[in-house]
Amino acid sequence: MKKGLFITFEGADGCGKTTQINLLKNYLENQGYQVVLTREPGAKGLGEKVREILLNYEGAVSDRCESFLFLADRAQNIDIIVNPAVNEGKIVLCDRHIDSTVAYQGYGRGLDIDRIKMLNNIATNGRKPDLTIVFDIDVETSMQRVGKNKDRMESAGIEFHNRVREGYLKIAKEEPERIKVVNSIQTVNDVFEEVKKIVNKYL
Ligand code: TYD
């Protein structure tokens, strides 16, 4: 049986990761791999309800409450989708995961980074991605791509998003074995060439 693999995709809003995930899914399936797509927030089922609150709730949301909602969705995603699929030898591609919470709630909102990492560890029961690709993009371009219809997170302001970007780059430096950074300001095809090169080493 093929060995399972858990790959996560990270980066700013509008960095193009969702397009890349879909390209990678087709590429891997054409080679005979069984691929499962998932995302955070919004893993299938209950996660979709949590996502709705996180992105569209209009009342006040405390930073800690926001973190716990992301973490609750994560626990569900790991238990119900990721672990069963990886254990069956499938490749799981997950749109955002632990590093989003460190980048957005830690570096972006300013919550304690070590505590976030500890909470991540509880939410995932210690499971870490085999590989994480961060799509790096400057904040101006990413906000242009997002456009005018911004959700609750996207409306958090340019300084917040600058901190998120710096956060991602810092995390990537801390864990170079797991986290690879790809420059997202290239054509979709050029970005995908880089993605393939990185992923092929793990197959
Ligand atoms: P989404 O529409 O999925 O954004 P994208 O398509 O850019 O991935 O919205 C997810 C938003 O939630 C995004 O702004 C990042 C944010 N987020 C956090 O702040 N913390 C987290 O732990 C996760 C998973 C996402």
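The values are calculated or read from the model by the stated rules, or taken from the named source; none is laboratory data. Nothing here was measured: the structure is a model prediction, and the numbers come from that model. Note: ideal-geometry Cβ built from the backbone for every residue, glycine included; neighbour counts use all protein chains shown. These accessible areas exclude ligands, DNA and RNA; they are computed on the full protein's heavy atoms, side chains included. Shrake-Rupley method; radii C 1.70, N 1.55, O 1.52, S 1.80 Å.
Quick one: which of 138, 151 is on the phi < 0 side of the Ramachandran plot, in contact with a Leu (Cβ under 7 Å, 6 or more places away or on another chain) and in contact (Cβ under 8 Å) with a residue 24 or more places away in the chain?
On inspection, the qualifying residue turns out to be 151.
Quick check on segment 42-55. Is at least one of its residues more than 16 Å from the ligand (Cβ to nearest atom) and either within 24 Å of residue 164 (Cα to Cα) or open to solvent by 60 Å² or more (accessible area, probe 1.4 Å) (or both)?
no
Cβ-Cβ distance below 6 Å, separation of 6 or more or different chains: which pairs start in segment 95-112 with a residue that is open to solvent by 10 Å² or more (accessible area, probe 1.4 Å) and end on one that is in a loop (DSSP other than H, G, I, E, B) and near the ligand (Cβ under 6 Å from one of its atoms)?
96/40
Taking the stated definitions as given, is residue 86 of a type in the set (A, V, I, L, M, F, W, C), part of a helix (DSSP H, G or I), open to solvent by less than 10 Å² (accessible area, probe 1.4 Å) and more than 11 Å from the ligand (Cβ to nearest atom)?
So residue 86 fails the test.
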